[in-house]
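Peer 1: Before we start, here is the structure in question, set down as structure tokens.
The values are calculated or read from the model by the stated rules, or taken from the named source; none is laboratory data. Values in this document were obtained by computation on a predicted structure and should not be read as measured data. For neighbour counting, all protein chains shown are included, and Cβ atoms are generated from backbone atoms with ideal geometry for every residue, glycine included.
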Amino acid sequence: MKPLLIVANFKSNKTKAEAKNWLDEITKIKDLNLSDKQIIVCPPFTLLDYFKSYIDENSLPIELCAQDISRFPQGAYTGEVNGSQIKEFAEYVLIGHSERRTGFNEDESVLEEKVKMSIDYNLIPIFFVQDESTEIPQGLSIVVYEPPSAISTSPNPVVESPETADEVAKKLKEVQNLNVLYGGSITPGDVRSFTEKSDISGVLVGDASLNAAEFLGIIKNA
Ligand code: PGA
């Protein structure tokens, strides 16, 4: 059976108290059969330390991912979080989410620098592509195919069909050896229709991951 990556992207959500409630509930993950599944959670920077301690203390089968990385090294870059700081807590970094491309003007050259910086610090980039024509930097092993219109918080979300997502995944894999995940409005009810496709290696979940019970349902049904 192919191993599935199931990624929770919290975006700019959750205080520490809310994170504690989520983690207390997610400990039920230990009752699930995860032999063919790998779980990665992307909390905001403010919660990475807390998540790591909680996961270590409770031996939870969860890896951590930062939602961004500075394209600069350590130094005089107010507001930035650099690769060595991330590496203390996480193994992965999200790069190229459509919300960062459009809301924070991150273009291809910035994203390439961020990918390079991740690799320099031994972090694994999880890179988003919005369609088949999105430029994919060198050195990637995981990409997420996520059309912006499929994101649950977009004005009129249109979920991609599993067939189309699988076709796009296949095309992306023809160019480079990649694990391709699908992202966009995933729920416990539809996750399986994506993960059962031969070229899809997992899912990235935004809104539904904020509710621990729902996220457990997604992991279980994937
Ligand atoms: P969604 O978000 O699951 O709420 O659509 C996915 C994402 O944008 O990361």
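Peer 1: Based on this model, can you work out whether Ile86 counts as outside any helix (DSSP H, G or I), surrounded by 19 or more Cβ atoms within 10 Å (Cβ to Cβ), touching a Phe, Trp or Tyr at 6+ places or on another chain (Cβ under 9 Å) and hydrophobic (A, V, I, L, M, F, W, C)?
Peer 2: On the way: outside any helix (DSSP H, G or I): no; surrounded by 19 or more Cβ atoms within 10 Å (Cβ to Cβ): yes; touching a Phe, Trp or Tyr at 6+ places or on another chain (Cβ under 9 Å): yes; hydrophobic (A, V, I, L, M, F, W, C): yes.
Taking the combined requirement at face value, the residue does not satisfy it.
Peer 1: Applying the selection to region 1-38, what residues are among the β-branched types (Val, Ile, Thr) and either more than 16 Å from the ligand (Cβ to nearest atom) or more than 18 Å from the chain's Cα centre (by Cα) (or both)? Working first, answer last.
Peer 2: Here is the first cut: in region 1-38, the residues among the β-branched types (Val, Ile, Thr) are 6-7, 15, 26-27, 29.
Of everything in region 1-38, those that are among the β-branched types (Val, Ile, Thr) and either more than 16 Å from the ligand (Cβ to nearest atom) or more than 18 Å from the chain's Cα centre (by Cα) (or both) turn out to be Thr15, Ile26, Thr27, Ile29.
Peer 1: Give me the pairs: first residue in region 126-137 and within 10 Å of Val168 (Cβ to Cβ), second residue within 15 Å of the ligand (Cβ to nearest atom), beta-carbon distance under 6 Å, and six or more apart or on different chains, which are they?
Peer 2: Within 6 Å, the pairs are Val129/Val143; Val129/Tyr145.
Peer 1: When you scan region 179-198, do you find a residue that is of a type in the set (Asp, Glu), over 17 Å from the mean Cα position of the chain (by Cα) and at pLDDT 95 or above, even just one?
Peer 2: yes
Peer 1: Now for a separate question. Considering (1) within 15 Å of the ligand (Cβ to nearest atom); (2) more than 22 Å from Pro148 (Cβ to Cβ), say which one Tyr121 fails and leave the rest.
Peer 2: (1) is the only condition that Tyr121 fails.
Peer 1: Still on this model: Go through region 89-115 and give me each residue that's closer than 10 Å to Ile69 by Cβ and either in a helix (DSSP H, G or I) or in contact with a Phe, Trp or Tyr (Cβ under 6 Å, 6 or more places away or on another chain) (or both).
Peer 2: Of everything in region 89-115, those that are closer than 10 Å to Ile69 by Cβ and either in a helix (DSSP H, G or I) or in contact with a Phe, Trp or Tyr (Cβ under 6 Å, 6 or more places away or on another chain) (or both) turn out to be Ile95, Glu113, Lys114, Val115.
Peer 1: From (1) exposed (fewer than 13 other Cβ atoms within 10 Å of the Cβ); (2) over 26 Å from Gly202 (Cα atoms); (3) among the charged types (D, E, K, R), pick out the condition that doesn't hold for Asp56.
Peer 2: (2)
Peer 1: Here are the criteria: (1) modelled with pLDDT of 95 or more; (2) within 16 Å of the ligand (Cβ to nearest atom); (3) farther than 17 Å from Tyr92 by Cβ; (4) touching a Pro at 6+ places or on another chain (Cβ under 8 Å). Tell me which single one Ile142 does not satisfy.
Peer 2: Here Ile142 clears every test but (3).
Peer 1: In region 168-192, what residues are crowded, with 16+ Cβ neighbours inside 10 Å and more than 14 Å from the ligand (Cβ to nearest atom)?
Peer 2: Passing the criteria: Val168, Ala169, Leu172, Leu178, Asn179, Val180.
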